[in-house]
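First comes the structure, then the notes that go with it.
The values are calculated or read from the model by the stated rules, or taken from the named source; none is laboratory data. Just so we're clear, the structure is a prediction, and the values are computed from it rather than from any experiment. As a convention, Cβ positions derive from the backbone with ideal geometry for all residues, glycine included, and neighbour counts pool all protein chains shown. To get the accessible areas, we keep the full protein, side chains included, count just its heavy atoms, and leave off ligands, DNA and RNA. Shrake-Rupley method; radii C 1.70, N 1.55, O 1.52, S 1.80 Å.
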Amino acid sequence: MYDDLIDVLGGTEHVLFGFDGPLCRPRAAAAAWPTPYADPLIRTLHALGTGLAVVGDASPAVVRRYLMGRGLAGCFGPHVHGRVDQALASLGAAPGASLMIGATLDDLTAAREAGVPFLGHGGDEDRVALLRRAGAERVVMSLEPVLTAVRAAAHRSARTDTEQRT
């Protein structure tokens, strides 16, 4: 699974996060719980220069308040949108060079319609099964392997750059 994720993430220039699931566990907006490993994943992607956006049905004000509370607003800048095509346009992103990390069937459908590769975040066995039945090729139960893969891909890229200079 890690090698597959490394391959997917290796060519990704932009990551679109669904709000409910990948960023936080759905609750009342003011009391949303962060998804484990989401914060370090976002900070790592941002540090690597990956363009980031949030996509979802939640009010942009609610999303921004959540991001500010987690210290993540600077990682996303103004890129909080209701639709995938809006997020791609605001980032200047090509669909094929982007990745949508989502937890809902709506996230999967939106990514497909926009031509954006999709990584499902299940959170539990039922959600994983639901996303797989709907046709998601890659689904993780935790963002931990995604964070590990991002770090491994960055290490591999840095090693390749160093070898090419010598």
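What does the charge count near R127 come to, summing +1 for each Lys or Arg and -1 for each Asp or Glu among other residues with Cβ under 12 Å from its Cβ?
Around R127, the surrounding residues sum to -2.
What 222 nm value per residue comes from the helices of the chain, counting each DSSP H run with n ≥ 4 as -39,500 (n - 2.57) and dividing by all residues, nearest 500 deg cm²/dmol?
-15000 deg cm²/dmol
Rounded to whole Å, give me the distance from the Cα center of segment 116-156 to that of segment 18-91.
Here the two parts' Cα centres lie 17 Å apart.
Quick one: net charge of L52's neighbours, Cβ under 11 Å, K/R +1, D/E -1?
0
Out of all DSSP beta bridges in the chain, what portion is antiparallel? Express it as a percent rounded to 5.
So the antiparallel bridges amount to about 10 percent of the total.
Sorted by accessible area with a 1.4 angstrom probe, largest first, how do M141, M100 fall?
M141, M100
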